[in-house]
Every structure is written in structure tokens, then in C-alpha cells.
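Visitor: Before anything else, here's the structure in question.
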Amino acid sequence: MRKDKKQVIGDEIGDDQIKLFLDFEPVDATSPSLHKLIKAYRGLRIDDFERFLGFFKAAGLDLDGKDEHGQTFVDLIKDQRNADEYIELVEKARG
């Protein structure tokens, strides 16, 4: 595969499927906003996560939601291998 082409694995998913990630609710003291971000991060490809962030903001959710230890989404993922792309999208979504 050429270096300038991204490998796409699986079928494209629609907006309705992406919006389902807004329905997840936490079972602990984690903020609902943070819980939704984590679920989307784990379940969506980077391009789909970017689309999710648009729906997330439109729903009035908080990009800086915290868990019971006071950590934000960025705090929780910053050590992970592919986190930089996701963090960049969150920063961009903040405006």
C-alpha cells in the first residue's frame, strides 16, 4: 500500500451509529461526558471520533469532564501510542 493512503478496516459507519456513543452512562463517579469520550475513543476510528466530537459538542457535553480522581480525557489517554491524534482533535474541538 502506498504511504500516502490510509488503510481502512471495516465498513464506514453512519452518523446514527456514531451518535449511539452519546447514550453510554457511567456506573461510577466518572462524569457522563468523560465516560462518553472514553467509549468513543475505544470504539471509533480517528475519522469517526472527529465526527463524534461534533455531535458531542452539539449535545452540550463537557470536553473537560473528570473521573473520580480528577483526571480528564486527555490526562487518561496521553500515555497511549495513538493518543496525540485524538488529543489534537479534542483541542481543536475546544476552539
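The values are calculated or read from the model by the stated rules, or taken from the named source; none is laboratory data. These numbers come from a predicted model, not from an experiment. Glycine gets a Cβ as well: all are built from the backbone with ideal geometry, and neighbour counts include every protein chain shown.
Visitor: Pairs needed: first member in segment 15-30, free of Cβ contacts under 8 Å to residues at least 60 places away in the same chain and part of a helix (DSSP H, G or I); second member anywhere, loosely packed, with under 13 Cβ neighbours inside 10 Å and not charged (D, E, K, R); C-beta distance under 6 Å; at least 6 residues apart or different chains.
Guide: Close Cβ pairs (under 6 Å, with a partner that is loosely packed, with under 13 Cβ neighbours inside 10 Å and not charged (D, E, K, R)) amount to 22/59.
Visitor: Kindly provide the set of residues from segment 23-50 that are of a type in the set (Gly, Ala, Ser) and surrounded by fewer than 18 Cβ atoms within 10 Å (Cβ to Cβ), ordered by number.
Guide: 29, 43 - these are the residues of segment 23-50 that are of a type in the set (Gly, Ala, Ser) and surrounded by fewer than 18 Cβ atoms within 10 Å (Cβ to Cβ).
Visitor: Within segment 86-93, is there a residue that is within 23 Å of residue 25 (Cβ to Cβ), touching a Pro at 6+ places or on another chain (Cβ under 8 Å) and surrounded by 14 or more Cβ atoms within 10 Å (Cβ to Cβ)?
Guide: No, there is no match, as no residue in segment 86-93 is within 23 Å of residue 25 (Cβ to Cβ), touching a Pro at 6+ places or on another chain (Cβ under 8 Å) and surrounded by 14 or more Cβ atoms within 10 Å (Cβ to Cβ).
Visitor: Checking residue 38 against (1) under 15 Å from residue 86 (Cβ atoms); (2) at pLDDT below 95, only one condition comes out false. Which one?
Guide: (2)
Visitor: Let me ask something else. Counting only residues that are touching an Asp or Glu at 6+ places or on another chain (Cβ under 9 Å) and touching a residue at least 40 places away in the same chain (Cβ under 8 Å), how many does segment 38-66 have?
Guide: Result for segment 38-66: 3.
Visitor: Something else: What are the residues in segment 62-85 that are touching a Lys or Arg at 6+ places or on another chain (Cβ under 9 Å) and over 12 Å from residue 33 (Cα atoms), if any?
Guide: 75, 84, listed by residue number.
Visitor: Shifting gears a bit: Restricting attention to segment 51-79, report how many residues are of a type in the set (Lys, Arg) and crowded, with 16+ Cβ neighbours inside 10 Å.
Guide: Final tally of qualifying residues: 2.
Visitor: Tally the residues that are under 16 Å from residue 89 (Cα atoms), outside any helix (DSSP H, G or I) and over 11 Å from the mean Cα position of the chain (by Cα), restricting the search to segment 31-64.
Guide: Residues meeting the conditions: 3.
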